Amino acid sequence: MVATIRLSVPGMLRYRLIAVRAVAEAARLVSGSTPRDPKNPTVDPLAHDIRHPFDTAVVSAFMEIFNNVAIHAYQRKDGGMIDIEITPTKDAIVIEVKDDGRPFNIDNVVQLPTEFDEESLPEGGMGIHIAKTMLDEMTYEPGPPNIWRLCKRLPATQVAVRRS
């Protein structure tokens, strides 16, 4: 199952759900999670079904990166595209996000404090920390194009279960 899925969307928040839907379905290909029954009238057919922890982690991290690109790289302005390549395999998903927006220095993201309270949390930069926490690997190359690479591996115990 190494077929790369490619999608280009305008770099605006209003297009985020289109990209998230593709990422969620690709994550499901890896996790093997089953979607809700679409014939059930209580289920919103457009709702994201990410009950599996793997799917939740992938989608959460991707949404944070998409938000950063739309809000910071493109500064909430029209005019830029976000190119997404999603490669699901039997035991991992790799997502590459490219944009031609304003680059930034990821090393300048404020480190999280060791003790958490309301005063110690930074004003911004939490999206990067959330994405890093959810993923096994995350890299950023400033450009243009700016390139984010996100990787999440399925835990070995779940890979073994899917093979049996």
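The numbers here are math on the coordinates, done by the rules we state, and not lab data. Given the structure is predicted, the values throughout are model-derived calculations rather than measurements.
Can you tell me how much longer the chain between Arg51 and Thr89 gets when fully stretched, taken as 0.36 nm per residue apart minus their C-alpha distance, in nm with one decimal?
Computed gain between Arg51 and Thr89 is 11.7 nm.
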Report task. Treat the stretch 48-88 as a sphere of radius equal to its Kirkwood radius over Cα pairs and apply Stokes-Einstein at 20 °C in a medium of 1.002 mPa s; give the translational diffusion coefficient in µm²/s, rounded to a whole number. Result -> 184
